[in-house]
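The values are calculated or read from the model by the stated rules, or taken from the named source; none is laboratory data. Worth saying up front: this structure is predicted, and the values here are computed from it rather than measured. FYI the Cβ positions are ideal-geometry reconstructions off the backbone, even for glycines, and counts take in every protein chain you see. Keep in mind that these areas ignore ligands, DNA and RNA; they rest on the heavy atoms of the full protein, side chains included. Shrake-Rupley method; radii C 1.70, N 1.55, O 1.52, S 1.80 Å.
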Amino acid sequence: MAFRASLVRLNRAIVYTQNGEPSQVLSALTYKPLPPPAPDTVNIKYLLAPINPSDVNVVQGVYPAKPSLTSLVDGHSDVFVGGNEGLAEVMQIGSGVSGLAVGDWVVMTKSQAGTWSSARNVGAMDVLKLPRADGLTEVHGATMTVNPPTALNMLTNYVTLGKDEWVVQNGANSAVGQAVIQIAASRGFKTLNLVRKRPDLEELTTKLKDLGATEVLTYDDLADRSLTQKIIKDWTAGKGIRLGLNCVSGPDTTSMARLLGQDAYLVSYGAMSKQPLSLPTSLFIFKNLTSVGFWQSRWYKTHTRDDKEKLMQTLVDLVAQGKLKAPEHEILTIPARDSDEVAGQKVRDIFAKIAEGQYGKKVLLKIESSQ
Ligand SMILES: NC(=O)c1ccc[n+]([C@@H]2O[C@H](COP(=O)([O-])OP(=O)(O)OC[C@H]3O[C@@H](n4cnc5c(N)ncnc54)[C@H](OP(=O)(O)O)[C@@H]3O)[C@@H](O)[C@H]2O)c1
């Protein structure tokens, strides 16, 4: 766009105007510097913003939370700005805003904030100050509001687990799964972690055990009845597993649910296999199974600002204690010098690679503004 030749600080966002595959419909759009913030708003600069699986679903138009159309460029049609989660720095503060200072790190409390951008004006109540702590990196901050709270809430809101009690989860190598492993370990819970079979299974097992996983098995291992009997009887000393966390659904989750003991909760939070969840009726009748869904976005909508601050503080404390590592990641920097065409292509390319599956790393976008 013509703007990029000028000397002012120009911004850029990753946008779309119609739903579809991100590798097809996303483009980059340069827009003018932000005007000074209106009362009760702040201008923020995004430092890093992840690409989460739900972001793909939002762009596809199949996710319940939808972004609003935004006007970024005068005379240009309104666009949707991608990105729900991200870490930003406060740049300018409007009148009437309290509790925020220039330079503070903030995270989003409003969903679908359009975090795949270099800078935005946002309502002061739509962000939360992220306390700084030793060891807290930009990657931690940018991935702090979706996956770790999901893990923490699922581990604590349904069943009160005692020390050495077991949790079973599938998709255990996902970012949520890795947070589950670490938060469970920090509370003395044991985790049985299920992943897909893969050539580098040993390497993945070592990695998850280094994070604190007690056991790692593949979904295929659950076909071995003597092993599942051993898990149910010996590992849990007959007490039974009382919490199962479901990231993938499909038949592998049916097998996982059979590992659960009396009065257990199966908490579903993802459907990565894109298959429905089917559960034997006997689990409900004879084991009193409770099957529920968890959505962190709903948690944010139904909890107070104070609750959200406490949640962030709990997670930051875990980071500071070295008990919660950032997910394995790679950062895709979109430099200011790139044209919108080049920038858009880079973003579409990374989405095409992620869509191939088993990408293995969380990708974060760093969208630079020109100085
Ligand atoms: N409900 C909520 O509040 C909430 C919050 C956060 C996340 N989530 C959901 O949780 C899920 C994981 O998110 P994330 O950010 O942790 O993702 P992630 O780090 O990208 O991990 C994706 C996981 O899904 C697995 N997977 C992908 N395709 C699969 C398939 N066809 N069959 C079985 N497993 C498959 C991957 O295993 P491989 O390594 O084998 O590919 C990996 O374990 C997503 O569905 C996300 O939308 C929900």
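Could you run through segment 349-371 and say how many residues are in contact (Cβ under 8 Å) with a residue 12 or more places away in the chain and open to solvent by less than 50 Å² (accessible area, probe 1.4 Å)?
Total satisfying the criteria: 11.
If you scan segment 305-359, which residues turn out to be among the aromatic types (Phe, Trp, Tyr) and within 18 Å of VAL176 (Cβ to Cβ)?
TYR359
I'd like the full set of residues that are among the aliphatic types (A, V, I, L, M), assigned to a loop (DSSP other than H, G, I, E, B) and open to solvent by less than 30 Å² (accessible area, probe 1.4 Å), limited to segment 101-132. Outline the logic, then answer.
Step one: filter segment 101-132 for residues among the aliphatic types (A, V, I, L, M), giving 101-102, 106-108, 113, 119, 122, 124-125, 127-128, 130.
Checking which are assigned to a loop (DSSP other than H, G, I, E, B) leaves us with 101-102, 113, 130.
Correct list: ALA113, LEU130.
Please state which one of SER111, SER77, SER118, SER98 is within 14 Å of the ligand (Cβ to nearest atom) and among the polar types (S, T, N, Q).
Values: SER77 fails: within 14 Å of the ligand (Cβ to nearest atom); SER118 fails: within 14 Å of the ligand (Cβ to nearest atom); SER98 fails: within 14 Å of the ligand (Cβ to nearest atom).
Residue meeting the stated conditions: SER111.
Could you please find all residues in segment 149-160 being under 13 Å from SER186 (Cα atoms) and touching a helix residue (DSSP H, G or I) at 6+ places or on another chain (Cβ under 7 Å)?
Selection gives ALA151, LEU152, LEU155.
When segment 272-314 is examined, which residues are found to be within 16 Å of the ligand (Cβ to nearest atom), in a loop (DSSP other than H, G, I, E, B) and of a type outside the set (Phe, Trp, Tyr)?
Start the filter on segment 272-314 by keeping residues that are within 16 Å of the ligand (Cβ to nearest atom), which leaves 272-278, 291-303, 307-308, 311-312.
This time we only want the ones that are in a loop (DSSP other than H, G, I, E, B), so: 272-278, 294-295, 303.
Matches in segment 272-314: MET272, SER273, LYS274, GLN275, PRO276, LEU277, SER278, HIS303.
Any idea how many residues of segment 255-268 are touching a strand residue (DSSP E or B) at 6+ places or on another chain (Cβ under 7 Å), within 14 Å of the ligand (Cβ to nearest atom) and hydroxyl-bearing (Ser, Thr, Tyr)?
1
Any idea how many residues of segment 55-85 are among the hydrophobic types (A, V, I, L, M, F, W, C), closer than 12 Å to ALA113 by Cβ and open to solvent by 70 Å² or more (accessible area, probe 1.4 Å)?
0
Kindly provide the set of residues from segment 133-145 that are touching a strand residue (DSSP E or B) at 6+ places or on another chain (Cβ under 8 Å) and crowded, with 20+ Cβ neighbours inside 10 Å, ordered by number. Before the answer, list the steps.
Our first condition is that a residue be touching a strand residue (DSSP E or B) at 6+ places or on another chain (Cβ under 8 Å); within segment 133-145, this holds for 138-139, 141-145.
Correct list: VAL139, GLY141, ALA142, THR143, MET144, THR145.
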